Amino acid sequence: MATIIDGKRISQEIREEIKAETAAFAQENGYLPGLAVIIVGENPASQVYVRNKKKACEEVGFYSRVYELPEDTKQEDLNALVDQLNADEQIHGILVQLPLPKHLDENEVLLRIDPGKDVDAFHPYNVGKIMIGDYSFLPCTPAGVMALLERTGVDIAGKKCVVIGRSNIVGKPMAMLLLHANGTVTLCHSRTKDLAAETRQADILVVAIGKADFVTADMVKEGAVVIDVGMNRRADGKLTGDVDFASVEPVASAITPVPGGVGPMTITMLLKNTLTAARMKN
């Protein structure tokens, strides 16, 4: 039976550490790390994420603000708010909740955020720093995966690592972080020929493609560590990942569940980035 990697427990451990570090930071510097979150429109999933981020900030003792803008917000008004927050001394991290309404240019907004306040690590400046291994911030989900592996005692060095998915948010930075940890990395995607032949070689398999129960037992090497980044909803309303947990769990040596695996780590890593940003500003 595989070890179930408990993202809830590990996330809570890290939050307790951040809470203690925040209290020490505030005592030493006389102010709190500050996070501003901007949400445009009324996307229900985005609203849940934003509420969870606000709650997480309160939990660790951060100063936080949420800006809820109407669906028809103009590009210049959103840009002006980002400019205002860039100049705000109380705010160390700026997060624009994606996706934005279709009439708004996400890239224009992300480029406008001060790289020193870019706690999502989406700005090309920070992406470039991740590429060369000299980074201040890491994208929250890949950083969460790395923390899960580290705290579960998984040694990445020399291991065959396969990542399925090549998004800018998860797949690409995930591959780079595994490479920086001395893994031998293969990045797979929708055009990969004989995907199962690639995944069956993986000592560490990270799946981030957004297809429910896509990875099955016949695609997994005996004893592999399987990290499921996916979050999908079945027809019956139940949440499931990109990995068919029931069939893969008996084959793997360790596996993340969905929910309760990678998910809780993402906001925790956002908190970590915000504390880092406050320290850099100081």
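So, counting K/R as plus one and D/E as minus one, what does the shell of residues with Cβ under 11 Å around residue 137 add up to?
Neighbour charge sum, excluding residue 137 itself: +1.
Once you sort the root eigenvalues of the Cα gyration tensor of region 20-171 as a ≥ b ≥ c, which label holds: rounded (a/c under 1.5), prolate (a/b larger than b/c) or oblate (the other case)?
oblate
Roughly what % of DSSP beta bridges within the chain run antiparallel, to the nearest 5?
Once the DSSP bridges in the chain are tallied, antiparallel ones form about 5 percent.
Output the pairs from 53/117; 53/272; 102/238; 53/102 with a Cα-Cα distance over 18 Å in this structure; if there are none, say none.
On the way: 53/117 16 Å; 53/272 12 Å; 102/238 29 Å; 53/102 23 Å.
Beyond 18 Å: 102/238; 53/102.
Please report the spacing between the Cα centers of region 131-164 and region 200-242 in Å, no decimals.
17
In a shell of Cβ-Cβ distance under 13 Å around residue 122, excluding residue 122 itself, what net charge do Lys and Arg (+1) and Asp and Glu (-1) give?
For residues surrounding residue 122, the net value is -1.
For the chain, set up a Gaussian network in which alpha carbons nearer than 10 Å are linked by springs, and say which option among 74, 54, 160 fluctuates the most.
Looking only at 74, 54, 160, the biggest GNM fluctuation is shown by 74.
Roughly speaking, what is the stretch gain from residue 28 to residue 54, that is 0.36 nm per residue apart minus the C-alpha to C-alpha distance, in nm to one decimal? Before the final figure, lay out the partial values.
Details: separation 26, 0.36 × 26 = 9.36 nm, distance 2.39 nm.
Between residue 28 and residue 54, full extension yields 7.0 nm more.
What is the sum of charges around residue 51, taking Lys and Arg as +1, Asp and Glu as -1, for the other residues whose C-beta is under 12 Å from the C-beta of residue 51?
Working: positive: 53, 54, 55; negative: 58, 68.
Neighbourhood net charge equals +1.
Once Lys and Arg get +1 and Asp and Glu get -1 on their Cβ, which of 37, 176, 274 lies farthest toward the positive end of the dipole of the chain?
Farthest towards the positive end: 176.
With n ≥ 4 as the cut-off for DSSP H runs, can you work out [θ] at 222 nm for the chain, using -39500 (n - 2.57) per run divided by the number of residues, rounded to the nearest 500?
-13000 deg cm²/dmol, from helical runs alone.
Provide the per-residue ³J(HN,Hα) series for region 81-97, in order, calculated from phi with Karplus coefficients 6.51, -1.76, 1.60 and θ = phi - 60°, each as a whole number of Hz, with x at glycine and proline positions.
Once θ is set to phi - 60°, the couplings for region 81-97 become 5, 4, 4, 4, 6, 4, 8, 7, 5, 7, 10, 10, x, 10, 10, 9, 5 Hz.
Just tell me which aspartates and glutamates come within less than 16 Å, Cα to Cα, of residue 55; anything on the same chain fewer than 8 places away is out.
16, 68
Among 102, 55, 211, determine the one that fluctuates most according to a GNM of the chain built with springs between C-alpha atoms less than 10 Å apart.
Of 102, 55, 211, the most mobile in the Gaussian network model is 102.
Taking a temperature of 20 °C and a viscosity of 1.002 mPa s, what whole-number D in µm²/s does Stokes-Einstein yield for the chain with Rh from Kirkwood over alpha carbon pairs?
My calculation gives 110 µm²/s for D.
In whole Hz, what ³J(HN,Hα) sequence does region 15-21 give by Karplus (6.51, -1.76, 1.60; θ = phi - 60°), x for Gly and Pro?
5, 4, 5, 5, 4, 5, 5
Is the C-alpha gyration tensor of region 140-263 telling us rounded, prolate or oblate? Criteria: a/c under 1.5 is rounded; beyond that, a/b larger than b/c is prolate, otherwise oblate.
Rounded shape, in that the Cα axes give a/c under 1.5.
Mind telling me which of 253, 190, 167 comes out most flexible in a GNM of the chain, alpha-carbon contacts under 10 Å?
For the chain, modelled as a Gaussian network with Cα springs under 10 Å, the answer is 190.
Only counting other Cβ atoms within 10 Å, I'd like 59, 71, 76 sorted with the fewest neighbours first.
On the way: 59 16, 71 12, 76 8.
Ascending number of Cβ neighbours within 10 Å: 76, 71, 59.
Please give, to one decimal in nm, the separation of the simple spin-label points placed at residue 45 and residue 196, each 7 Å out from Cα toward the Cβ.
The two pseudo-label positions are separated by 2.8 nm.
Every read-out reported here was derived from the displayed coordinates using simple, explicitly stated rules and does not represent laboratory data. None of the values given here were measured: they were computed from a predicted structure. Backbone-built Cβ (ideal geometry, glycine too); neighbour counts: all protein chains shown.
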